[in-house]
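Enquirer: Okay, handing you the structure first.
The values are calculated or read from the model by the stated rules, or taken from the named source; none is laboratory data. For clarity, every value in this text was computed on a predicted model and none was experimentally measured. We place every Cβ from the backbone using ideal geometry, glycine too, and count neighbours over all the protein chains shown.
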């Protein structure tokens, strides 16, 4: 399949959107400038499985982010949609509460026997804000020691404030803290993932003031021996809640949190994205002695009570179990990463490959890496694939689709190699170079 790249309805609509919506989109990671400026098909007409059609009817296979990791079962999953449509027919919102809230709490606690209670939200960022609020309420302390990425809320972006305002934003490049109260300076202290000694040093310095330790249990790298164990031991010793952000990692390595596979239990865990296959839903689960403090602070929102969210989550999680989805994600993700490694050897390209199998990433190690990435995206788009330097595995990614993707990437890497050697990468681009996103502190 070959798509001739040209300005169509999707590209024209995005130009209009930028005059009406600050930034053009609601999510930084969905801006066309992050992929192929001026030519990326910014809008979809419909989607099914891992296939997406743009506003001009062009068909693409999504071998990139699958809705930024939200659609693990694939787009428009029949079983989840059937449950949601039934929920809509029964009524999505009323003055009374949806019984699915209780059913979902029971299921989440059954999957995570260390937890006794659950609260809900509808997005990952706000769920993390809830977890941090609960921890601060329980401990009556303010400082958060963290590593990894945790969203857009003030508690997190406070880490990007500096004593000298000219240095604001330097710690987490791309995550601008403008608008975050300067009074939050010093309330979010970062440490690097897998750096046990740094954690121990910072923990010793701040432990009397710590409200919580917040982290992704796994992301781009597996934990080194004793890293998670040390954090768990130290937080237990000082009775400081350990919060695992499972928004991205959850339901990919196990039916539930990735920590179930790692063998380390937190005090609070946060889920979103993959728990409901594209429908807004998030959950904060935890030990009763901490979760009860959700009642001691005002945490409340109307749209956290709709029926669609928990209904979608129940259907999604049940399908994860019956179809053994995490096992499939690891298998298909490994196939893709093995393919990247083979192509790297074949074309002797400078690549850095990382990530757990269901969430694979690679980066080009060249001075003009962004230009090389842009040419790759441009070439793959012409071949009918939505790509980036990442692959988020889904149940909809069949072996045949993966084979076709790797074959197209084989041809594309050959084109990259030729133009890198000839120093003609920029000349082959049909538009501006893709912008870089923010950098995660991992």
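Enquirer: For the subset of region 341-361 comprising residues that are in contact (Cβ under 8 Å) with a residue 24 or more places away in the chain and farther than 15 Å from residue 410 by Cα, which member is nearest to the chain's Cα centre (by Cα)?
Expert: This residue is 359.
Enquirer: Still on this structure: Quick one: is residue 357 more than 22 Å from residue 429 (Cβ to Cβ), outside any helix (DSSP H, G or I) and touching a helix residue (DSSP H, G or I) at 6+ places or on another chain (Cβ under 7 Å)?
Expert: Yes; evaluated as a whole, the condition is true for this residue.
Enquirer: Do you know which of the residues in region 22-63 that are part of a loop (DSSP other than H, G, I, E, B) and over 23 Å from the mean Cα position of the chain (by Cα) is farthest from residue 78 (Cα to Cα)?
Expert: The qualifying residue farthest from residue 78 (Cα to Cα) is 38.
Enquirer: Find the residue count for region 207-229, including only residues that are modelled with pLDDT of 95 or more, in contact with a strand residue (DSSP E or B) (Cβ under 9 Å, 6 or more places away or on another chain) and surrounded by fewer than 17 Cβ atoms within 10 Å (Cβ to Cβ).
Expert: Looking only at that region, the number is 1.
Enquirer: Let me ask you something else. Within region 56-69, restricting attention to residues that are in contact with a helix residue (DSSP H, G or I) (Cβ under 7 Å, 6 or more places away or on another chain) and farther than 25 Å from residue 246 by Cβ, which residue is surrounded by the most Cβ atoms within 10 Å (Cβ to Cβ)?
Expert: 61
Enquirer: In addition: Give the residues of region 64-78 that are in a loop (DSSP other than H, G, I, E, B) and free of Cβ contacts under 8 Å to residues at least 60 places away in the same chain, sorted by residue number.
Expert: Correct list: 76 only.
Enquirer: Could you say whether any residue in region 387-394 is more than 13 Å from residue 34 (Cα to Cα), assigned to a loop (DSSP other than H, G, I, E, B) and under 24 Å from the mean Cα position of the chain (by Cα)?
Expert: For region 387-394, residues more than 13 Å from residue 34 (Cα to Cα), assigned to a loop (DSSP other than H, G, I, E, B) and under 24 Å from the mean Cα position of the chain (by Cα): present.
Enquirer: Select from region 231-260 the residues that are without any contact (Cβ under 8 Å) to a residue 40 or more places away in the chain and closer than 19 Å to residue 319 by Cβ and write down the one among them that is surrounded by the fewest Cβ atoms within 10 Å (Cβ to Cβ).
Expert: That would be 250.
Enquirer: Of the numbered conditions (1) surrounded by 21 or more Cβ atoms within 10 Å (Cβ to Cβ); (2) within 21 Å of residue 36 (Cβ to Cβ); (3) within 23 Å of the chain's Cα centre (by Cα), residue 378 satisfies every one except a single condition; which is it?
Expert: Against the list (1) surrounded by 21 or more Cβ atoms within 10 Å (Cβ to Cβ); (2) within 21 Å of residue 36 (Cβ to Cβ); (3) within 23 Å of the chain's Cα centre (by Cα), residue 378 comes up short only on (3).
Enquirer: Is it true that some residue in region 183-194 is touching a residue at least 60 places away in the same chain (Cβ under 8 Å), surrounded by fewer than 19 Cβ atoms within 10 Å (Cβ to Cβ) and part of a helix (DSSP H, G or I)?
Expert: Checked against the condition, which is being touching a residue at least 60 places away in the same chain (Cβ under 8 Å), surrounded by fewer than 19 Cβ atoms within 10 Å (Cβ to Cβ) and part of a helix (DSSP H, G or I), region 183-194 yields no hits at all.
Enquirer: Of everything in region 78-125, what is buried (at least 19 other Cβ atoms within 10 Å of the Cβ), closer than 30 Å to residue 62 by Cβ and touching a strand residue (DSSP E or B) at 6+ places or on another chain (Cβ under 9 Å)? Give them in sequence order.
Expert: Within region 78-125, 104, 108, 120, 121, 122, 124 qualify.
Enquirer: Out of the residues in region 1-55 that are exposed (fewer than 14 other Cβ atoms within 10 Å of the Cβ) and within 16 Å of residue 383 (Cβ to Cβ), state the one that is modelled with the lowest pLDDT.
Expert: Only one residue tops the list, namely 1.
Enquirer: What's the total number of residues in region 281-305 that are crowded, with 17+ Cβ neighbours inside 10 Å and either within 14 Å of the chain's Cα centre (by Cα) or under 26 Å from residue 75 (Cα atoms) (or both)?
Expert: Result for region 281-305: 6.
Enquirer: Tell me which strands (runs of 3 or more DSSP E) are completely within region 240-306 and hold 2 or more residues being within 23 Å of residue 396 (Cβ to Cβ) and not assigned by TED's automatic domain parsing to the domain that holds residue 206, or say none if there are none.
Expert: Once the strands (runs of 3 or more DSSP E) in region 240-306 are filtered for at least 2 residues that are within 23 Å of residue 396 (Cβ to Cβ) and not assigned by TED's automatic domain parsing to the domain that holds residue 206, nothing remains.
Enquirer: Filter region 200-219 for residues that are in contact with a helix residue (DSSP H, G or I) (Cβ under 8 Å, 6 or more places away or on another chain) and over 13 Å from residue 238 (Cβ atoms) and give the result.
Expert: Those that are in contact with a helix residue (DSSP H, G or I) (Cβ under 8 Å, 6 or more places away or on another chain) and over 13 Å from residue 238 (Cβ atoms): 214, 215, 217, 218.
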